[in-house]
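Laboratory data are not the source of any read-out in this text; all were calculated from the coordinates shown. Computed from a prediction, not measured in an experiment: that's the story for all the values here. Cβ placement follows ideal geometry from the backbone for every residue including glycine, while neighbour counts extend to all protein chains displayed.
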Amino acid sequence: MKLGTANCEVEAFACPVTFTVDVIGGKWKALILFHLMSGTKRFNELRRLVPEVTQRMLTLQLRELETDRVIHREIYREVPPKVEYSLTELGKTLVPLINAMREWGAVHEEAILKFRHEAQGLDETMTSETV
């Protein structure tokens, strides 16, 4: 739901979980935050740490996190230009949440991958039976 004002639109979220997912959701934001938990990173460092993300998508995700002031972007005026990203104080409040996500994944990864594999086998069986 959006609330309109004279100068801008502001999102109004009925559920705090929805809002949290809006801030850190998506395929790459939590992973970016996880890597920034260990310290300041340059753009190309993040590209190497998350090789599956495209340059355009990484830029977009970093901008969204910066807009929400979860991360800080420091630009150094030198040649070649240097840009570094780090967690803000607000971003650091997400560390327990990111750690909990990491722990949950470590505990449940094997079982869930097994479930997915089983479901894929069922899907293939159903497809071959209907053909």
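Mind running the shape call on the range 2-91? Use the C-alpha gyration tensor, a ≥ b ≥ c as the square roots of the eigenvalues: rounded below 1.5 for a/c, prolate if a/b tops b/c, oblate otherwise. Prolate shape, in that a/c is at least 1.5 and a/b is the bigger ratio.
Taking a ≥ b ≥ c as the square roots of the eigenvalues of the alpha-carbon gyration tensor, the range 27-80 is classed rounded because a/c is under 1.5.
Taking the beta-carbon count within 10 Å as an exposure proxy, list Val21, Val70, Val50 from fewest neighbours to most.
Values: Val21 13, Val70 22, Val50 17.
Taking fewest neighbouring Cβ atoms as first place, the list is Val21, Val50, Val70.
Here's the list of lysines a cross-link from Lys82 could span, going by alpha-carbon distance under 22 Å and ignoring same-chain residues fewer than 8 apart: Lys29, Lys41.
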